[in-house]
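Reading through the structure tokens given below for one structure.
The values are calculated or read from the model by the stated rules, or taken from the named source; none is laboratory data. Quantities reported herein were computed from a predicted structural model and do not represent experimental measurements. For neighbour counting, all protein chains shown are included, and Cβ atoms are generated from backbone atoms with ideal geometry for every residue, glycine included. Please note that ligands, DNA and RNA were not included when accessible areas were found on the heavy atoms of the full protein model with its side chains. Shrake-Rupley method; radii C 1.70, N 1.55, O 1.52, S 1.80 Å.
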Amino acid sequence: MNKKIALIRGDGIGPEIVEQAVRVLDRVAAKYGHSFSYSEVDMGGAAIDKWGDPLPEDMLRLCLESDSVLLGAVGGEKWNQLPGDKRPEKGLLRLRAGMGVYSNNRPARIWPQLADASPLRREIVMQGIDFIIVRELIGGIYFGEHRTTEENGSTVSEDVMRYSEEEIERIGRIGFETAMKRRRKLCSVEKSNVLDTSRLWKKVMHRLAQEYPEVELSDMLVDNCAMQIVKNPAQFDVIVTENMFGDILSDEASMITGSIGMIPSSSLGAGSLGLYEPIHGSAPDIAGQDKANPIGTILSAAMLLRYSFGLDKEADAVEAAVGRVLDEGYRTLDILPKGEGAEGCTLVGCKRMGELIANRL
Ligand code: NAD
């Protein structure tokens, strides 16, 4: 398979972690007989410094002409004084809009080797945490009308939550398709006891379910879901939900897995072109010191292989290689246990962690 991947190394630790993901992708290509070519895309602070714009048009075009996009992270103190539309984050928003990605997919997976890093009780963690939240990304209350007015001497604000059947159906399909690639359980999360948008959401999900008879669909109210994620996370395979509920639940889900440096994400639209990135930021406090954990980015590359290129076997192999390196006790600083737990663990830097994972493939 020949594929073109746009690389956005970005700012802070971005270049270091992307370098290790490329090392792993090159190893996958060599081992499984594929050819990956890369185009370098400037975005965020790096693009502001070079071009005076966080995402120049021709950089966006490079992404659109690629088969998929891998991003490190953008941003940093240096650019914080700039006006809103010139800041690094604006590049990211423009990239998402330009790519038309309406679905954000964030796995919550606990690696048994890191079970002690989870704030949950060990007996809950040991039941296994391995689910994915599919969140609608460009609709709902964040994109509805926002208004603040004065009424009878008092300030009143409103934010409109709006969803069309079409918007719900397209994110619903991503939920069902994701479940088809996993354990075929889909939980649709809404607040249908109160909200009209949620009642429509539920209706569309049940209509779609008829097209996916292999998938077991369940409904859950968002407040119950927030409780179930900490009480019994093992019950979930895929959760599909609207923008604001997904924003909150996906942060809750990433907390229970223990380390921000381990978590990948993907954003997808109608085609196979996707944006893959770790959930953390550019970590300026450790940039350039070879201390960053590259695993979130390497697992993002595994998601890219699985969801954009359909290379399941290769994605499985990358995830297994990460597991093997953790089994052998190698840890970057952020996942190194303190005190007695550190026995049998070897502290490694970003580069060495990338090398080890590539070598175990
Ligand atoms: P952050 O995620 O960059 O860092 C939070 C803490 O986690 C820091 O102590 C950092 O050292 C640590 N950390 C993060 N990733 C790590 C990794 N891979 N390995 C080891 N430790 C890691 O969040 P922040 O400090 O709030 O933000 C820093 C910059 O990143 C800001 O400019 C922010 O706007 C930007 N940001 C970018 C994105 C993105 O590009 N998608 C997302 C969030 C924040």
**Request:** Could you tell me which numbered condition THR241 fails, if it satisfies all but one of (1) assigned by TED's automatic domain parsing to the domain that holds LEU186; (2) open to solvent by less than 20 Å² (accessible area, probe 1.4 Å); (3) within 16 Å of the ligand (Cβ to nearest atom)?
**Result:** (3)
**Prompt:** What are the residues in region 335-361 that are touching a Phe, Trp or Tyr at 6+ places or on another chain (Cβ under 8 Å), within 20 Å of PRO112 (Cβ to Cβ), within 14 Å of the ligand (Cβ to nearest atom) and assigned to a helix (DSSP H, G or I), if any?
**Reply:** MET353
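Per-residue answers, yes or no, for (1) away from the ligand (no atom under 16 Å from the Cβ); (2) in a helix (DSSP H, G or I); (3) over 18 Å from the mean Cα position of the chain (by Cα):
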site: GLU166; (1), (2), (3): yes, yes, yes
site: ARG182; (1), (2), (3): yes, no, no
site: ASN193; (1), (2), (3): yes, no, yes
site: LYS202; (1), (2), (3): yes, yes, yes
site: ALA226; (1), (2), (3): yes, yes, yes
site: GLU252; (1), (2), (3): yes, yes, no
**Request:** Could you check, for region 207-218, whether at least one of its residues is under 21 Å from the mean Cα position of the chain (by Cα) and either over 28 Å from GLY75 (Cβ atoms) or more than 16 Å from the ligand (Cβ to nearest atom) (or both)?
**Result:** no
**Request:** Pick out the one residue from SER265, SER308 that is of a type in the set (Ser, Thr, Tyr) and within 15 Å of the ligand (Cβ to nearest atom).
**Result:** SER265
**Request:** For residues that are at pLDDT 95 or above and among the acidic types (Asp, Glu), tally how many sit in region 328-358.
**Result:** 2
**Selection status of ASP223, closer than 30 Å to GLU123 by Cα, of a type in the set (D, E, K, R), modelled with pLDDT of 95 or more and out of contact with any strand residue (DSSP E or B) (no Cβ under 8 Å at 6 or more places or on another chain)** = yes
**Asked** What is the residue count in region 289-327 for residues that are of a type in the set (Ser, Thr, Tyr) and open to solvent by 20 Å² or more (accessible area, probe 1.4 Å)?
**Response** 1
**Request:** Test VAL134 against the criterion of being within 24 Å of GLY175 (Cα to Cα) and in contact with a helix residue (DSSP H, G or I) (Cβ under 6 Å, 6 or more places away or on another chain), and give yes or no.
**Result:** yes
**Prompt:** Which one is least open to solvent (accessible area, probe 1.4 Å), of the residues in region 208-223 that are in a helix (DSSP H, G or I) and in contact with a helix residue (DSSP H, G or I) (Cβ under 8 Å, 6 or more places away or on another chain)?
**Reply:** LEU208
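Yes/no per residue for (1) out of contact with any Lys or Arg (no Cβ under 7 Å at 6 or more places or on another chain); (2) open to solvent by 50 Å² or more (accessible area, probe 1.4 Å); (3) more than 18 Å from TYR276 (Cβ to Cβ):
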site: LYS4; (1), (2), (3): yes, yes, no
site: GLY10; (1), (2), (3): yes, no, no
site: GLY14; (1), (2), (3): yes, no, no
site: ARG23; (1), (2), (3): yes, yes, no
site: LEU64; (1), (2), (3): yes, yes, no
site: ASP67; (1), (2), (3): no, yes, no
site: GLN81; (1), (2), (3): yes, yes, yes
site: LYS86; (1), (2), (3): yes, yes, yes
**Asked** All but one of (1) open to solvent by 50 Å² or more (accessible area, probe 1.4 Å); (2) away from the ligand (no atom under 14 Å from the Cβ); (3) over 19 Å from the mean Cα position of the chain (by Cα) hold for ALA97; which doesn't?
**Response** (3)
**Message:** Can you say whether GLU145 is modelled with pLDDT under 95 and surrounded by fewer than 16 Cβ atoms within 10 Å (Cβ to Cβ), as far as the supplied structure shows?
**Reply:** yes
**Item:** Residue pairs meeting the criteria (Cβ under 6 Å; at least 6 apart or on separate chains; first closer than 24 Å to PRO294 by Cα and near the ligand (Cβ under 7 Å from one of its atoms), in region 71-90; second open to solvent by 80 Å² or more (accessible area, probe 1.4 Å) and in a helix (DSSP H, G or I))
**Value:** GLY76/PRO284
**Fill in**
The condition from (1) among the polar types (S, T, N, Q); (2) open to solvent by less than 10 Å² (accessible area, probe 1.4 Å); (3) within 19 Å of the chain's Cα centre (by Cα); (4) within 16 Å of the ligand (Cβ to nearest atom) that THR332 misses is numbered (3)
**Complete:** Taking region 269-288 and keeping residues open to solvent by 20 Å² or more (accessible area, probe 1.4 Å) and more than 8 Å from the ligand (Cβ to nearest atom) leaves ALA270, GLY271, SER272, LEU273, ALA287, GLY288
**Request:** Could you grab me the full set of residues in region 149-164 that are open to solvent by 70 Å² or more (accessible area, probe 1.4 Å) and either in a helix (DSSP H, G or I) or closer than 25 Å to ASP219 by Cα (or both)?
**Result:** ARG162
**Asked** So, in region 26-58, of the ones that are closer than 14 Å to GLY91 by Cα and open to solvent by less than 20 Å² (accessible area, probe 1.4 Å), which residue ends up farthest from the ligand (Cβ to nearest atom)?
**Response** PRO56
